[in-house]
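The block underneath contains the structure these notes are about, expressed in structure tokens.
Each reported figure results from applying straightforward, stated rules to the coordinates on display, with no laboratory input. If you're wondering where the values come from, they're calculated on a predicted model, not measured in any experiment. Cβ coordinates were reconstructed from backbone atoms using ideal geometry, including for glycine residues, and neighbour counts include every protein chain displayed.
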Amino acid sequence: MQTLGYAAQSPDSPLAPFHFERRDLRPNDVAMEILYCGVCHSDLHTARNDWGGTVYPAVPGHEIVGRVTGVGPEVTRFKEGDLAAVGCLVDSCRTCDQCEKGEEQYCRTGLTGTYNARDRVDGSNTYGGYSKHIVVREEFVLTLPAGLDPAKAAPLLCAGITTYSPLRTWGVKAGSRVGVVGLGGLGHMAVKLAVAMGADVTVMSRSADKEADARELGAQHFLNTSDKAAMKAAGSSFDLIIDTVPVQHDLMPYVPLLDVDATLCLVGQLGPAPDLNTAPLVLSRKRIAGSLIGGIPETQEMLNFCAEKGVLPEVEMIRMDQINDAFDRMEKSDVRYRFVIDMSSL
Ligand code: NAP
Ligand code: ZN
Ligand code: ZN
């Protein structure tokens, strides 16, 4: 089927309309008309080739909510007209130990990303949600629970699961002391989810003007990361800190904030972290860890949790043709707190 999307043609060209083909339905495929697509910082990193390896044209978008328009003959969980969702993964080997555990994001053969990846059947480049339609195999399509507003839910598919997964991995529960570094798309979801789990939440931000928002999102405390005295006073008082900062930065200011046995979990920047001092890690059994999105079962669990608890992102709805301006604003941290593209504008 012919469809229309927005693609980057090179690292420095703006995104622009791009006509391309979506594959015919394979027996286990679900076809969707995309209604909404969130704008993740990873979309910007990919369009601009920040990580290397971007194949152009690149159609970003992995926070997808849509309506099912057709299913292959072997599909059992979806039918035409259903609301459905797709996140960062559209395939994996489905047989290795990680896939068997439902942690397809850590597939031994490498996950197949929703965009900028090679389709496992025909080798074509995958194109993401900045488009009118998408075709995804059934196992990687999520059910959108009733009660989640489809116009707001899209960011849960990446920002939501990427922060939900470490909160669960490190056992956050009522009373856990959770810090969130960087109040952007991921950061504000981390706050809402941790609050919904009953945690005591602190936003750690370089933007003092975000304090009121942080409290409105449910955080009990706000730590201005440039305030040295306040950082010192917060020493050893966290069980888990989730760091969402998208660029290279010094991790050492956050390590003293961890209690014994606590974890600083990195979900933002990919690449070298300079000036790492192992002493505080060794001396207090502290951990620096990382985490990548979440598997399909955990993503469904997160969507159900959000429906039950009424957790939804703060979104600014944009038209497709505003995407380049949205990227520029995201780079300046001028988004409160996630852009969502209304795909009917395309
Ligand atoms: P975002 O909305 O742009 O938010 C990032 C936040 O980090 C900003 O709001 C800002 O918060 C802070 N920040 C930005 N630039 C900074 C700088 N130079 N120094 C210090 N702090 C800075 O981005 P996002 O969509 O949340 O994504 C964040 C990162 O996570 C990106 O690198 C993205 O690629 C990555 N990501 C990873 C996964 C995963 O699976 N691990 C999944 C999705 C995204 P303050 O103003 O409060 O300081
Ligand atoms: Zn993302
Ligand atoms: Zn696998």
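Side notes on the structure shown:
- Column: log10 I(q)/I(0), Debye, Cα scatterers of region 176-268, q = 0.13, 0.14, 0.19, 0.22 Å⁻¹: -0.35, -0.41, -0.80, -1.11
- Test item: Cα-centred dipole of the chain, Lys/Arg +1 and Asp/Glu -1 on Cβ, debye: 500 debye
- Counting only residues at least eight positions apart within a chain, or on another chain, the lysines with an alpha carbon under 28 Å from that of Lys228 are Lys192, Lys210, Lys286, Lys332.
- With contributions of -39500 (n - 2.57) from each DSSP H run of at least four residues, the per-residue ellipticity at 222 nm computed over the chain stands at -6000 deg cm²/dmol.
- FRET efficiency estimate (nearest 0.05) - Cβ-Cβ, Leu292 to Lys232, R0 25 angstrom: 0.20
- Peptide ranges 249-259, 9-19 listed from the most packed, as the mean C-beta count within 10 angstrom indicates: 249-259, 9-19
- Within region 236-341, the trypsin sites (Lys or Arg not before Pro) that combine a DSSP coil assignment with at most 16 other C-beta atoms in a 10 angstrom radius are Arg285, Arg319, Lys332, Arg336.
- Projected-area average for the chain over all orientations - Cα convex hull basis, square nanometres: 16.6 nm²
- Cβ-Cβ FRET estimate between Arg285 and Trp51, R0 fixed at 30 Å, reported to 0.05: 0.40
- Bins of 5 Å, starting at 0 and running to the largest distance - Cα pair percent for region 1-115: 2, 11, 15, 20, 21, 17, 10, 3, 0
- Remark: region 303-312, residue by residue, has Karplus-estimated 3J(HN,Hα) of 4, 5, 4, 5, 5, 5, 8, x, 8, 9 Hz, where x stands for each Gly or Pro and the curve is 6.51 cos²θ - 1.76 cosθ + 1.60 at θ = phi - 60°.
- Based on C-alpha pairs under 8 angstrom that are at least 6 apart in sequence, region 160-290 has a relative contact order of 21 percent.
- Centre-to-centre, using Cα atoms only, region 2-52 and region 107-162 are separated by 11 Å.
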